[in-house]
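The structure appears below as structure tokens.
The values are calculated or read from the model by the stated rules, or taken from the named source; none is laboratory data. All figures in this text were calculated on a predicted structure; none of them were measured in a lab. Reconstructed Cβ throughout: ideal geometry from the backbone, glycine too, with neighbour counts over all protein chains shown. Keep in mind that these areas ignore ligands, DNA and RNA; they rest on the heavy atoms of the full protein, side chains included. Shrake-Rupley method; radii C 1.70, N 1.55, O 1.52, S 1.80 Å.
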Amino acid sequence: MNILVTGGAGFVGSYLCRMYKERYPSANIVALDNLHRRGSEFNLKDFKDRGIRFIHGDIRCQGDLDAIEGVFDLFIEASAEPSVVAGLNRPDNYAIQTNLTGTINCLNFALKNAGHFIFLSSSRVYSIDPLLNIPLKEGDSRFHIDSPKAFMRGLSTQGINEEFPTNTARSLYGATKLASELLIQEYVRAYGLKAVINRCGVICGPGQFGKVEQGVFTLWVVNHYLKKSLKYTGFGGKGKQVRDILHPKDLFEALSLQNEKTGVLSGEIFNLGGGLDISVSLLELTQICKEITQNEVPINSVQNTLSVDIPFYVTDYRKATQAFGWQPKCSVEDTVKDIYRWIVKNEDFIQSIF
């Protein structure tokens with residue numbers, strides 16, 4: 001088996017490379033990455049030790065892709081400028097070129113050189129105004145869907161499914177991902193590309209160098225371990241906003257199951273996330289981090305809310321369950337413990353990064 005992962009030295013891409021190599025030791029795994037994000041370069045020695053081939057290249061450059069030799073059974077496009085605040089105050093050409101032009105270059109390469117194309121999209125393709133209009137009630141530790149009032153397209157008591165509106169503004173990041181999805185569907189229809197689109201919620205786990213605007217859940221664990229202060233930002237500054245989280249292990253299992261049904265699933269879009277059972281508010285996460293790290297940190301309150309922020313996102317992944325039998329297994333506590341063990345094992349390195 002030959003597998004190409006673009007964005008392969010990033011948090012998600014590197015995890016997938018390792019998981020595929022563990023499951024298929026004889027497979028030829030190739031990771032292409034431009035090493036733009038700090039910390040990605042630290043995966044290279046481990047790649048070499050594991051027999052994962054690394055290519056320093058950039059999907060914004062078609063020539064970098066065309067220079068890759070061989071034909072691949074599976075091409076996973078995991079590269080992105082993943083920050084939702086990218087382009088918030090002014091156009092961000094790097095985000096547009098990576099997330100959109102880069103996708104076009106990957107699609108053209110896949111047509112000639114890949115049997116199956118899997119695209120990692122984002123839950124951020126869903127429009128902000130409908131997300132803000134989800135009827136919520138405030139509990140002691142989190143916001144909940146106000147079930148009797150939950151009569152919106154694409155919304156159920158289980159969360160948000162693939163039919164939720166995408167037709168109004170969503171952020172520059174979300175727009176580039178949605179535009180990429182549309183192009184992929186055209187390549188499937190017009191050129192016969194076998195491709196699947198996955199709208200992922202929050203992915204977090206060990207190996208992620210989290211920041212406030214992207215990777216905040218991992219940052220939350222790291223700051224508890226390092227005894228550094230944090231902030232509850234937006235929606236009253238109480239920390240009650242909710243997200244479901246997806247461990248890369250569970251993402252890998254989803255992609256593996258999809259690859260077994262290439263022909264049947266081609267052109268389909270799936271929401272992948274932890275779902276209601278694997279969701280958490282920042283307030284709840286604080287308590288989990290306190291229990292696992294045995295540390296308590298000062299947390300400030302900032303009431304101002306960013307224009308791209310939302311109080312609630314939980315994935316309804318039932319379409320994926322029905323189509324290929326997938327459901328996530330790693331709980332919030334499992335993921336936090338996994339991150340904690342990674343921090344302890346790499347404490348000096350983590351200190352230098354954070």
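Using a 1.4 Å probe on the protein chains only, how many percent of the accessible area of the stretch 158-241 belongs to carbon and sulfur? The value for the stretch 158-241 is 51 percent carbon and sulfur by accessible area. P(r) tail, the stretch 243-324: Cα-Cα pairs separated by more than 21 Å, 49% of all pairs. Go through LEU74, ILE353, TYR232 and say which Cα lies farthest out towards the positive end of the charge dipole of the chain; charges sit on Cβ, +1 for Lys and Arg, -1 for Asp and Glu. Working it through, the farthest residue towards the positive pole turns out to be TYR232.
Averaging the Cα positions of each part gives two centres, and for the stretch 83-102 and the stretch 273-324 these lie 25 Å apart. Dividing the Cα radius of gyration of the stretch 157-235 by its Kirkwood radius returns 1.09 for Rg/Rh. Based on Cα contacts under 8 Å between residues 6+ apart, the chain shows a relative contact order of 17 percent. For LYS261, which lysines qualify as cross-link partners when the Cα separation must be under 24 Å and same-chain residues fewer than eight apart are set aside? List returned: LYS21, LYS112, LYS177, LYS194, LYS249, LYS319, LYS329.
Relative contact order of the stretch 149-244: 12 percent, from C-alpha pairs under 8 Å at least 6 residues apart in sequence. Listed by chain and number, the lysines placed with their C-alpha closer than 17 angstrom to that of LYS231 are LYS211, LYS240, LYS290; residues fewer than eight positions away on the same chain are left out.
Toward the positive end of the charge dipole of the chain, with +1 on the Cβ of Lys and Arg and -1 on the Cβ of Asp and Glu, the farthest Cα among ILE310, ILE59, GLY13 is that of ILE310. Placing one equal scatterer on every Cα of the stretch 1-125 and applying the Debye formula, the log10 ratio I(q)/I(0) at q = 0.16, 0.19 Å⁻¹ is -0.73, -1.02. Judged by the mean number of other Cβ atoms found within 10 Å, the most tightly packed of the peptides 16-24, 255-263 leads the ranking 16-24, 255-263. Computed with a 1.4 Å probe over protein heavy atoms only, the accessible surface of the chain comes to 43 Å² per residue. Here the ratio of the Cα radius of gyration of the chain to 2.2 N^0.38 Å is 0.95.
Summing Cβ point charges (Lys, Arg +1; Asp, Glu -1) relative to the Cα centre of the chain gives a dipole of roughly 240 debye. Just checking the listed ones, ASN304, ASN113, ASN105: in the Gaussian network model of the chain with Cα springs under 10 Å, the one fluctuating most is ASN304. Using the Stokes-Einstein relation with a Kirkwood hydrodynamic radius computed over Cα pairs, the translational diffusion coefficient of the stretch 106-260 at 20 °C and a viscosity of 1.002 mPa s comes to 119 µm²/s.
For the pair the stretch 6-20 and the stretch 241-268, the centres of their Cα atoms are 14 angstrom apart.
In straight-distance terms, cross-link reach from LYS238 covers every one of the aspartates and glutamates whose alpha-carbon lies under 20 Å from its own, apart from those fewer than eight places away in the same chain; here that gives GLU138, ASP140, ASP146, GLU213, GLU284, GLU291, GLU296, ASP309. Overall form of the stretch 63-149: prolate. Here a/c, set by the Cα gyration tensor axes a ≥ b ≥ c, is 1.5 or more, and a/b is the larger of a/b and b/c. Counting only DSSP beta bridges whose two residues both lie in the chain, roughly 20 percent are antiparallel. In the chain, the longest principal axis of the Cα atoms and the axis of helix 282-293 are about 80 degrees apart. Model label sites at ALA67 and GLN287, defined 7 Å from Cα along the beta-carbon direction, differ in position by 5.3 nm.
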